[in-house]
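Taking it in order: structure first as structure tokens, then the write-up.
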Amino acid sequence: MTMRAIIALVAGTIFGAGLTVGGMTDPARVRGFLDLFGDWDPTLAFVMGSAVMVMAIAWRIVPGMIRPIFEDGFHIPTNSDLTPRLIGGAVLFGAGWGIAGLCPGPGFAALAIQPAGAAIFVIALLAGMALHWLTERKN
């Protein structure tokens, strides 16, 4: 196993553990966050706030680095266009997230905790990805 694969495995494990500890693998918790006028659950706001703080620190550190520790260079997106396709995808993602209470990261992490419910979500996710791949392929 290469160092790159080990780093990816460790990072993914930490990410999945964080999602689990933060309660993001529980669809009821996510739907509770979206229920602004009912029994609102602020847990997701704290998880998102923590992620924003970590990224704010990372964006301050990255410009001072010559290169990443385990990579040849940085891969920072340069495209900032808001296209109808991007907006439509965001709306579709948000609607699915609100209905299912899961998004891809927590969905895969939930496979270890709630395999039956999470499996339905992951199968639908993979089917959607396959449909996208089939319809967007360049001939």
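The values are calculated or read from the model by the stated rules, or taken from the named source; none is laboratory data. All figures in this text were calculated on a predicted structure; none of them were measured in a lab. Heads up, the Cβs are rebuilt from the backbone with ideal geometry, glycines too, and the neighbour counts pull from every protein chain shown.
Any residue in segment 2-23 that is closer than 22 Å to A118 by Cα and hydroxyl-bearing (S, T, Y) sitting within a Cβ distance under 6 Å of a residue that is at pLDDT below 90 and part of a helix (DSSP H, G or I)? List the pairs, counting only those 6 or more apart or interchain.
Listed pairs, sorted by first residue: T20/A109.
Answer yes or no as to whether F74 is touching a Lys or Arg at 6+ places or on another chain (Cβ under 9 Å), loosely packed, with under 13 Cβ neighbours inside 10 Å and in contact (Cβ under 8 Å) with a residue 40 or more places away in the chain.
Criteria not met by F74.
Scan F74, F70, F93 and give me the residue that is touching a helix residue (DSSP H, G or I) at 6+ places or on another chain (Cβ under 7 Å), under 20 Å from G16 (Cβ atoms) and among the aromatic types (F, W, Y).
Of the residues listed, the single one that is touching a helix residue (DSSP H, G or I) at 6+ places or on another chain (Cβ under 7 Å), under 20 Å from G16 (Cβ atoms) and among the aromatic types (F, W, Y) is F70.
Any idea which of (1) of a type outside the set (A, V, I, L, M, F, W, C); (2) within 20 Å of T20 (Cα to Cα); (3) exposed (fewer than 10 other Cβ atoms within 10 Å of the Cβ) is the one S50 doesn't satisfy?
Going through the list (1) of a type outside the set (A, V, I, L, M, F, W, C); (2) within 20 Å of T20 (Cα to Cα); (3) exposed (fewer than 10 other Cβ atoms within 10 Å of the Cβ), S50 breaks only (3).
Every residue in segment 105-121 that is in contact with a Gly (Cβ under 9 Å, 6 or more places away or on another chain) and over 14 Å from V21 (Cα atoms), please.
Selection gives F108, A118, F121.
When segment 82-115 is examined, which residues are found to be over 16 Å from V30 (Cβ atoms) and in a helix (DSSP H, G or I)?
If the condition is that a residue be over 16 Å from V30 (Cβ atoms) and in a helix (DSSP H, G or I), then P84, R85, L86, I87, G88, G89, A90, V91, L92, P115 are the ones that fit.
Tally the residues that are among the hydrophobic types (A, V, I, L, M, F, W, C), surrounded by 17 or more Cβ atoms within 10 Å (Cβ to Cβ) and touching a residue at least 40 places away in the same chain (Cβ under 8 Å), restricting the search to segment 104-139.
4
Suppose we filter segment 1-47 for residues that are polar (S, T, N, Q), outside any helix (DSSP H, G or I) and either modelled with pLDDT of 90 or more or surrounded by 13 or more Cβ atoms within 10 Å (Cβ to Cβ) (or both); how many remain?
Qualifying residue count for the region: 1.
Taking segment 116-139 on its own, how many of its residues are modelled with pLDDT of 90 or more and not in a helix (DSSP H, G or I)?
Residues in segment 116-139 being modelled with pLDDT of 90 or more and not in a helix (DSSP H, G or I): 0 in total.
Residues checked against (1) in contact with a helix residue (DSSP H, G or I) (Cβ under 7 Å, 6 or more places away or on another chain); (2) β-branched (V, I, T):
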{"position": "R29", "(1), (2)": "yes, no"}
{"position": "D39", "(1), (2)": "yes, no"}
{"position": "T43", "(1), (2)": "yes, yes"}
{"position": "G49", "(1), (2)": "no, no"}
{"position": "M65", "(1), (2)": "no, no"}
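V62: farther than 28 Å from G23 by Cα and either assigned to a helix (DSSP H, G or I) or modelled with pLDDT under 90 (or both), yes or no?
On the way: farther than 28 Å from G23 by Cα: yes; either assigned to a helix (DSSP H, G or I) or modelled with pLDDT under 90 (or both): yes.
Yes: the conditions hold for V62.
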